[in-house]
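Written out below as structure tokens is the structure these notes cover.
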């Protein structure tokens, strides 16, 4: 018998969210098929790639990352170089220097970095905090103000601080809000509901449902993203139809395979190549599970995932 293929497109679709300004603005979401299922229906907005940079500079970065930014001495110069990285669609500034357990920079110091990056680039910008809830509430609300008019994504609002960040980013300054939950479909939906009740429009919300490096409980990531997309498309659940953005770099470069030195683990081979492998593997996996954008940092990883997306689309 001949094979008769059936379309797997749905009547529901993922929301389209646009961030950035002018000709360089990008759109994520909008698809009405499962991740990368271009054979069922066209996917107008291919997944996007962001490049993560830190307000702490390049001191702790892998050799290949440092080499790419050679000659850059300010955060503005680093941001501009990141925006030019082949395969990149946007820049993500992580304000990790604000961490009270680290450099403990003041909000004012961090806002100088935000302003410098905003002035240096014309590509879309994502601004991430330091992962300290108490500090991020103030930090990200102020960042939304400093970046006013640039249509940035403020990543991320959590259940503990969504009111302040959501009100500042999604309402007062008309930015996009990243809703961050911990690899649980119910928590993801609840946070979307809370932000919607606050008054943030669904078109201004993206989800960061959490991730892990491949091999580190990644099956939970797979099941969560699969369930989110299935509910959004198959059940037309409007509270789960926000596109997903996934910060891969933090997870991939902070596991033993990427961090163990060649002296300690000579049988594992080149340390930097291991980190790239973890970053590429994790990024490819979350894209296959439903992420609409990934945030990476190594030039080789960005180029590899960019090529993958182009060939899959």
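Only residues that are assigned to a loop (DSSP other than H, G, I, E, B), over 21 Å from residue 283 (Cβ atoms) and touching a helix residue (DSSP H, G or I) at 6+ places or on another chain (Cβ under 9 Å): list them for segment 214-259, please.
237, 241
Look at segment 292-305 and say how many of its residues are within 25 Å of residue 179 (Cα to Cα) and part of a helix (DSSP H, G or I).
2
Could you tell me whether segment 269-291 includes any residue that is at pLDDT below 95, surrounded by fewer than 20 Cβ atoms within 10 Å (Cβ to Cβ) and either over 21 Å from the mean Cα position of the chain (by Cα) or not in a helix (DSSP H, G or I) (or both)?
So far as segment 269-291 goes, no, none of its residues is at pLDDT below 95, surrounded by fewer than 20 Cβ atoms within 10 Å (Cβ to Cβ) and either over 21 Å from the mean Cα position of the chain (by Cα) or not in a helix (DSSP H, G or I) (or both).
Answer yes or no as to whether residue 65 is surrounded by 19 or more Cβ atoms within 10 Å (Cβ to Cβ) and not in a helix (DSSP H, G or I).
no
Just name the residue that is farthest from residue 301 (Cα to Cα) out of those in segment 70-101 that are part of a loop (DSSP other than H, G, I, E, B) and in contact with a strand residue (DSSP E or B) (Cβ under 9 Å, 6 or more places away or on another chain).
95
Go through segment 124-141 and give me each residue that's in contact with a helix residue (DSSP H, G or I) (Cβ under 9 Å, 6 or more places away or on another chain) and not in a strand (DSSP E or B). Lay out the reasoning, then the answer.
First, pick out the residues of segment 124-141 that are in contact with a helix residue (DSSP H, G or I) (Cβ under 9 Å, 6 or more places away or on another chain): 124-125, 127-132, 135-141.
Selection gives 124, 129, 130, 131, 132, 135, 136, 137, 138, 139, 140, 141.
So that you can scan it fast, the table gives a plain yes or no per residue for (1) closer than 30 Å to residue 143 by Cα; (2) under 19 Å from the mean Cα position of the chain (by Cα); (3) surrounded by 21 or more Cβ atoms within 10 Å (Cβ to Cβ):
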| residue | (1), (2), (3) |
| --- | --- |
| 196 | yes, no, no |
| 226 | no, yes, no |
| 229 | no, yes, yes |
| 245 | yes, yes, yes |
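Would a scan of segment 35-53 turn up a residue that is modelled with pLDDT of 95 or more, out of contact with any strand residue (DSSP E or B) (no Cβ under 8 Å at 6 or more places or on another chain), more than 21 Å from residue 304 (Cα to Cα) and buried (at least 18 other Cβ atoms within 10 Å of the Cβ)?
No: zero hits.
With the requirement that a residue be part of a loop (DSSP other than H, G, I, E, B), closer than 22 Å to residue 25 by Cβ and touching a strand residue (DSSP E or B) at 6+ places or on another chain (Cβ under 7 Å), what does segment 151-201 give you?
151, 152, 175, 200
Within the set of pairs 6 or more residues apart or between chains, which connect a residue that is over 23 Å from residue 24 (Cβ atoms) inside segment 105-129 to a residue that is outside any helix (DSSP H, G or I) with Cβ atoms less than 6 Å apart?
Pairs found: 110/95; 129/95.
Let's see how each residue does on (1) under 18 Å from the mean Cα position of the chain (by Cα); (2) more than 28 Å from residue 103 (Cβ to Cβ); (3) surrounded by 24 or more Cβ atoms within 10 Å (Cβ to Cβ); (4) without any contact (Cβ under 8 Å) to a residue 24 or more places away in the chain:
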residue: 135; (1), (2), (3), (4): no, no, no, no
residue: 152; (1), (2), (3), (4): yes, no, yes, no
residue: 176; (1), (2), (3), (4): yes, no, yes, no
residue: 199; (1), (2), (3), (4): no, yes, no, no
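Which numbered condition in (1) in contact with a helix residue (DSSP H, G or I) (Cβ under 8 Å, 6 or more places away or on another chain); (2) assigned to a loop (DSSP other than H, G, I, E, B) is the only one that residue 144 fails?
Only one criterion in (1) in contact with a helix residue (DSSP H, G or I) (Cβ under 8 Å, 6 or more places away or on another chain); (2) assigned to a loop (DSSP other than H, G, I, E, B) is unmet by residue 144, namely (2).
Can you pull out the residues in segment 260-281 that are without any contact (Cβ under 8 Å) to a residue 40 or more places away in the chain, within 20 Å of residue 294 (Cβ to Cβ) and out of contact with any helix residue (DSSP H, G or I) (no Cβ under 7 Å at 6 or more places or on another chain)?
If the condition is that a residue be without any contact (Cβ under 8 Å) to a residue 40 or more places away in the chain, within 20 Å of residue 294 (Cβ to Cβ) and out of contact with any helix residue (DSSP H, G or I) (no Cβ under 7 Å at 6 or more places or on another chain), then 273, 277 are the ones that fit.
Taking segment 72-101 as the region of interest, how many residues are farther than 13 Å from residue 57 by Cβ and surrounded by fewer than 14 Cβ atoms within 10 Å (Cβ to Cβ)?
Number satisfying all stated conditions: 4.
Against the condition modelled with pLDDT of 95 or more, closer than 25 Å to residue 104 by Cα and not in a helix (DSSP H, G or I), how does residue 206 come out, does it pass?
No; evaluated as a whole, the condition is false for this residue.
Among the numbered conditions (1) part of a loop (DSSP other than H, G, I, E, B); (2) modelled with pLDDT of 95 or more, tell me where residue 17 comes up short.
Residue 17 satisfies all of (1) part of a loop (DSSP other than H, G, I, E, B); (2) modelled with pLDDT of 95 or more except (1).
The values are calculated or read from the model by the stated rules, or taken from the named source; none is laboratory data. No experiment lies behind these values; they were computed from the predicted model shown. Every residue, glycine among them, receives a Cβ derived from its backbone with ideal geometry; neighbour counts consider all protein chains shown.
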